[in-house]
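Asks: Dumping the structure here so I can ask a few things about it.
The values are calculated or read from the model by the stated rules, or taken from the named source; none is laboratory data. Just so it is clear, the structure is predicted and the values come from calculations on it, not from any experiment. Every residue, glycine as well, gets a Cβ built from its backbone with ideal geometry; the counts of neighbours run over all protein chains shown. Only protein heavy atoms, including side chains, enter the accessible area calculation; ligands, DNA and RNA are left aside. Shrake-Rupley method; radii C 1.70, N 1.55, O 1.52, S 1.80 Å.
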Amino acid sequence: MERIFLLEDDAALGRGVAMALERPERKVTRAETLAQAQECLVQTQFDLLILDLNLPDGSGLTLLRALRDRADTTPVILLTANDLEIDEVTGLEAGADDYITKPFSLAILRARVDAQLRRGASRATETALLLGPFRFDFEHMDFRRAGVTVELSKAEQKLLRVLVDNRGHAVSRAMLLDRVWTDGAAFVEENALSVTVKRLRSKLEADPAKPEYLKTVYGIGYLWAVES
């Protein structure tokens, strides 16, 4: 499922654009203010963002710059009534991938959106796993939650890899101890696994006390609950 986020304060225009872009395999999520947009982007990872510049509580450029500052590479199309050359240059320099001025043709918008989604798919490596709000690229050690980079230690990376490779199935503590700590140490305390799980939850879960993804299976071990 392709996920597009549309930030447009004109409700009628937003509904029209969403209807033009949606398909059975494509969902468009709308917001009308910068505050709503920031909340949506924390909760969901999108394949493409379409951002209006002039908003009742700020500018889409503020959101774009914040995304690029934290190394979020999600493709962004700016949609705005500002048609001066300097406005377009400013948007592109801020990290936008495309810039469309109002009024515009829906056919042109659809073509631009399709092009950005194709480019985004080609940039994604084959090793990257997309699971719910997460993107895990073990080969390049790039881990993200809702587009935000998460720094993981080597032990946390190994633990996460075993769990997501077996997602939907419980993995025993013994197996995890054997697979994660493979540096030749003669003895590893079982507490090391509990500590690593706790740290991983603190980085990936919205509420580590009530884990939604990295779950404990009592008497056995742990499992990664997201299957796709």
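Asks: Is it the case that E190 is touching a helix residue (DSSP H, G or I) at 6+ places or on another chain (Cβ under 8 Å), acidic (D, E) and at pLDDT below 95? Steps first, answer last, please.
Replies: Details: touching a helix residue (DSSP H, G or I) at 6+ places or on another chain (Cβ under 8 Å): yes; acidic (D, E): yes; at pLDDT below 95: yes.
The answer is yes for E190.
Asks: State yes or no: is L163 under 20 Å from G219 (Cβ atoms), open to solvent by less than 50 Å² (accessible area, probe 1.4 Å) and at pLDDT 85 or above? Before you say what the answer is, go through the steps one by one.
Replies: Details: under 20 Å from G219 (Cβ atoms): yes; open to solvent by less than 50 Å² (accessible area, probe 1.4 Å): yes; at pLDDT 85 or above: yes.
In short, yes.
Asks: From the list A18, A37, A66, pick out the single residue that is closer than 24 Å to P133 by Cβ and surrounded by 22 or more Cβ atoms within 10 Å (Cβ to Cβ).
Replies: A37
Asks: Looking at the stretch 47-115, what strands (runs of 3 or more DSSP E) fall wholly within it and have at least 1 residues that are in contact (Cβ under 8 Å) with a residue 60 or more places away in the chain?
Replies: Fully inside the stretch 47-115 and qualifying: 48-52, 76-80.
Asks: While we're looking at this one, here's another question. Among the residues of the stretch 201-211, count how many are free of Cβ contacts under 8 Å to residues at least 60 places away in the same chain and closer than 16 Å to R135 by Cα.
Replies: 4
Asks: Picking from S105, S59, which residue would you name as being over 30 Å from K203 (Cα atoms) and either surrounded by fewer than 20 Cβ atoms within 10 Å (Cβ to Cβ) or of a type in the set (S, T, N, Q) (or both)?
Replies: Result: S105 is the single residue among S105, S59 that is over 30 Å from K203 (Cα atoms) and either surrounded by fewer than 20 Cβ atoms within 10 Å (Cβ to Cβ) or of a type in the set (S, T, N, Q) (or both).
Asks: Still on this model: Restricting to the stretch 18-46, give me the number of residues that are without any contact (Cβ under 8 Å) to a residue 40 or more places away in the chain, of a type in the set (A, V, I, L, M, F, W, C) and in contact with a Ser or Thr (Cβ under 8 Å, 6 or more places away or on another chain). Full working, then the answer.
Replies: Here is the first cut: in the stretch 18-46, the ones without any contact (Cβ under 8 Å) to a residue 40 or more places away in the chain are 18-19, 22-40.
Adding the requirement that they be of a type in the set (A, V, I, L, M, F, W, C) leaves 18-19, 28, 31, 34-35, 37, 40.
Next, only the ones that are in contact with a Ser or Thr (Cβ under 8 Å, 6 or more places away or on another chain) stay: 34, 40.
Qualifying residue count, the stretch 18-46: 2.
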